[in-house]
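The structure appears below as structure tokens.
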Amino acid sequence: MALCVLTGDIVGSTDLPRSRQERVLGLVETAFQSLSRHEDDKLDFYRGDGWQMRFQAAGSGLQYALFIRAVLKSEDDAFDTRVAVADTASGSPGLKAWDANAEASGRALDSMPSDVLFAHAAGGPLHAASLLADHISRHWTAAQARATRPFLAPGVRVTQRQVAETLGITRQAVGQALEAAGYGPLSRALKALEAQAQ
């Protein structure tokens, strides 16, 4: 069973008014509610602008990080969060496995350079993919994030037509937003990582 921990904090929180800090944290909670599939999943807030999500039977931690970013930027493209991922396969999701991932995720967050917003504690290809995904998605506009968000939601299959109807825009506009957001390469990379993990 996969265990996944994501640890993060709000980008530029000291420059945000308290009301906007609280709004970003509220959006982090919204993202968690959308991602959570298990009763043992957990969200904690700490240090004012920090957060940690724990997921059991989770999918790709990188996909989760991208979804969280899409939720934040859907409301305001100035909103963002750093995210460090640690995930492992475990036959027994006990406290030691949770704690090991939580510690690894926290260390990865603390060691991130100032110009990096996504990291993976495992290093290697997973960290490389996280760096590239961060670069591709960091400057999403609100419109791009709104179009991309439904396609990043785990366990949900949607069409461009369905997203267009939900957003009240044309299917062509959805396609253009996905293209500008780099969703195609991101989606293929996520599928490749998922296939490698199986």
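The values are calculated or read from the model by the stated rules, or taken from the named source; none is laboratory data. On a predicted model such as this, the values are computed, not experimentally measured, just so you know. Ideal geometry is used to build each Cβ from the backbone, glycine not excepted, and the neighbour counts take in all protein chains shown.
Of everything in segment 45-80, what is over 19 Å from PRO150 (Cα atoms) and either modelled with pLDDT of 95 or more or touching a helix residue (DSSP H, G or I) at 6+ places or on another chain (Cβ under 8 Å) (or both)? Give them in sequence order.
PHE45, GLY48, ASP49, TRP51, GLN52, MET53, ARG54, PHE55
Among (1) buried (at least 16 other Cβ atoms within 10 Å of the Cβ); (2) at pLDDT below 95; (3) out of contact with any helix residue (DSSP H, G or I) (no Cβ under 6 Å at 6 or more places or on another chain); (4) not β-branched (Val, Ile, Thr), which single condition is PHE151 missing?
Failing condition for PHE151: (2).
For residues in segment 141-173 being in a helix (DSSP H, G or I) and of a type in the set (Ser, Thr, Tyr), which is nearest to ARG37 (Cα to Cα)?
If we take residues in segment 141-173 being in a helix (DSSP H, G or I) and of a type in the set (Ser, Thr, Tyr), then THR148 is nearest to ARG37 (Cα to Cα).
Just the residues that are of a type outside the set (A, V, I, L, M) and without any contact (Cβ under 8 Å) to a residue 24 or more places away in the chain, please, taken from segment 172-195.
Within segment 172-195, GLN172, GLY175, GLN176, GLU179, GLY184, ARG188, LYS191 meet the criteria.
Out of segment 28-51, which residues are crowded, with 18+ Cβ neighbours inside 10 Å and within 12 Å of the chain's Cα centre (by Cα)?
Of everything in segment 28-51, those that are crowded, with 18+ Cβ neighbours inside 10 Å and within 12 Å of the chain's Cα centre (by Cα) turn out to be VAL28, ALA31, PHE32, LEU35.
Determine if segment 156-168 includes at least one residue that is modelled with pLDDT under 90 and not charged (D, E, K, R).
Scanning segment 156-168, I find at least one residue that is modelled with pLDDT under 90 and not charged (D, E, K, R), so the answer is yes.
At least 1 residues that are free of Cβ contacts under 8 Å to residues at least 40 places away in the same chain, in contact with a strand residue (DSSP E or B) (Cβ under 6 Å, 6 or more places away or on another chain) and basic (Lys, Arg) in each: list the strands (runs of 3 or more DSSP E) lying fully within segment 1-77 that qualify.
42-46
Can you name the residue in segment 105-122 that is touching a residue at least 40 places away in the same chain (Cβ under 8 Å) and not aliphatic (A, V, I, L, M) and is also surrounded by the fewest Cβ atoms within 10 Å (Cβ to Cβ) among such residues?
In this case the residue turns out to be GLY106.
So the check is Cβ under 9 Å with 6+ separation or different chains; which pairs have a first residue in segment 151-171 that's among the aromatic types (Phe, Trp, Tyr) and a second one that's buried (at least 16 other Cβ atoms within 10 Å of the Cβ) and in a loop (DSSP other than H, G, I, E, B)?
none
Kindly indicate whether THR148 is farther than 28 Å from HIS127 by Cα and among the hydroxyl-bearing types (Ser, Thr, Tyr).
Judged against the criteria, THR148 is not a match.
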